[in-house]
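Every number here is computed from the coordinates shown, using simple stated rules; none is lab data. Since this is a predicted model, take the numbers as computed values, not measurements. All Cβ positions, even for glycine, are placed from backbone atoms using ideal geometry, and neighbour counts span all protein chains on display.
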Amino acid sequence: MDINAVNALTYEEFLEIFGNVVEKCPIILAAIWSNHPFRGIADIEAQISDFIDSLPESGKEGILRCHPDLSLPAVSLTRDSVDEQRAAGLVCMDSGERTLLLELCARYRQRFGFPFVICARANSVESIGRALRERVNRERAQERERGIEEVKKICSLRLRQILQPHAERSTNTTKL
Ligand SMILES: NC(=O)N[C@H]1NC(=O)NC1=O
């Protein structure tokens, strides 16, 4: 889909196609629709990023809370999340690795009050495990910002998946 096709969409169609580029936050896309026509993919991305940056801390934490924990059963995930977690190799983990990851995610959520968010497509089971062990010990403000950076990476790849579906993307399957 090119940018002219995007700009020709109705609001409802736009939301249907792009509504989940920030996980379960269609309101962000509903908001940036006010500024269309868009100049290109970078423009859409910048507008989403600016909108997120303009939110208070509670709003940013709200966005993080819309993300599922890694490694949950596929039935409770959006299609996008399932594909991303598969790309990182999270669906191939053995039960020991899964239990460890879930425990670390629970510890993180308990400490910060929002889930651990990382761009799965840019990582492997191994690097996700490493990042979790490191990030669980950080400060809340630091993790709020880091989580939002990861949300933006996820968003960028989801936008490219829609607008440039044939471009190459990284997939990793390394073990924990
Ligand atoms: N918790 C978390 O990081 N979730 C996600 N990461 C990603 O790339 N897709 C997700 O749903």
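By how many nm would the segment from SER95 to SER34 grow when fully extended, if each residue of separation counts as 0.36 nm and the alpha-carbon distance is taken off? If you can, show how the numbers build up before the last one.
Numbers: separation 61, 0.36 × 61 = 21.96 nm, distance 4.64 nm.
Gain on extension, SER95 to SER34, equals 17.3 nm.
Given q = 0.15, 0.16 Å⁻¹, what are the Debye log10 I(q)/I(0) values for the range 3-163, with equal point scatterers placed on the Cα positions and solvent ignored?
-0.81, -0.90
Rounded to the nearest 0.05, what FRET efficiency is calculated for GLN164 and SER127 with R0 set to 35 Å and r the Cβ-Cβ distance?
Values: r = 25 Å, r/R0 = 0.70.
E between GLN164 and SER127, to the nearest 0.05, is 0.90.
Whole angstrom only: what separates the Cα centroid of the range 1-66 from the Cα centroid of the range 117-149?
The range 1-66 and the range 117-149 have Cα centres separated by 23 Å.
Could you check the simple spin-label distance between ARG79 and GLU57, using points 7 Å along Cα→Cβ, in nm with one decimal?
Each label point is offset 7 Å from its Cα along the Cβ direction, giving 3.8 nm.
Among the GluC sites (Glu not before Pro) within the range 81-176, which fall in a DSSP loop and have no more than 10 other Cβ atoms within 10 Å of their own Cβ? Intermediate results must be reported in sequence, preceding the final value.
Details: sites: GLU84, GLU97, GLU103, GLU126, GLU134, GLU139, GLU143, GLU145, GLU149, GLU150, GLU168; in loops: GLU139, GLU168.
Listed in order of number, the matching sites are GLU139, GLU168.
Quick one: order THR99, THR10, THR78 by neighbouring beta-carbon count within 10 Å, fewest to most.
Ascending Cβ contact count within 10 Å gives the list THR10, THR99, THR78.
Grab the DSSP H runs of the chain that are 4 residues or longer, score each as -39,500 (n - 2.57), total them, divide by all residues and round the 222 nm result to the nearest 500 deg cm²/dmol.
Numbers: 9 runs with 104 residues, N = 176.
Here the helix-only value at 222 nm equals -18000 deg cm²/dmol.
Taking other Cβ within 10 Å of each residue's Cβ, how do MET93, MET1 sort, fewest first?
Details: MET93 19, MET1 12.
Least to most surrounded, the residues fall as MET1, MET93.
Hey, got the dipole for the range 3-163? About the Cα centre, +1 on K and R Cβ, -1 on D and E Cβ, debye to the nearest 20?
Computed charge dipole of the range 3-163: roughly 400 debye.
Using only the Cα atoms of the range 76-176, construct the convex hull and provide its projected area averaged over every direction, in square nanometres to one decimal.
Values: hull surface 25.5 nm².
Quarter of the Cα hull surface area: 6.4 nm².
If I model a spin label as a point 7 Å beyond the Cα along the Cα-Cβ vector, how far apart are those points for GLU103 and GLU145 in nm?
In this crude spin-label approximation the distance works out to 3.2 nm.
What's the extension gain from ARG65 to ASN7 if we count 0.36 nm per residue and subtract their Cα-Cα distance? Don't jump to the answer; show the numbers that get you there.
Numbers: separation 58, 0.36 × 58 = 20.88 nm, distance 3.02 nm.
In short, 17.9 nm is gained.
Given R₀ = 35 Å, what would the calculated FRET efficiency be for GLU16 paired with ASN137, taking r from the Cβ atoms and rounding to 0.05? Present the calculation step by step, with values, prior to reporting the outcome.
Numbers: r = 41 Å, r/R0 = 1.16.
Approximately 0.30, to the nearest 0.05.
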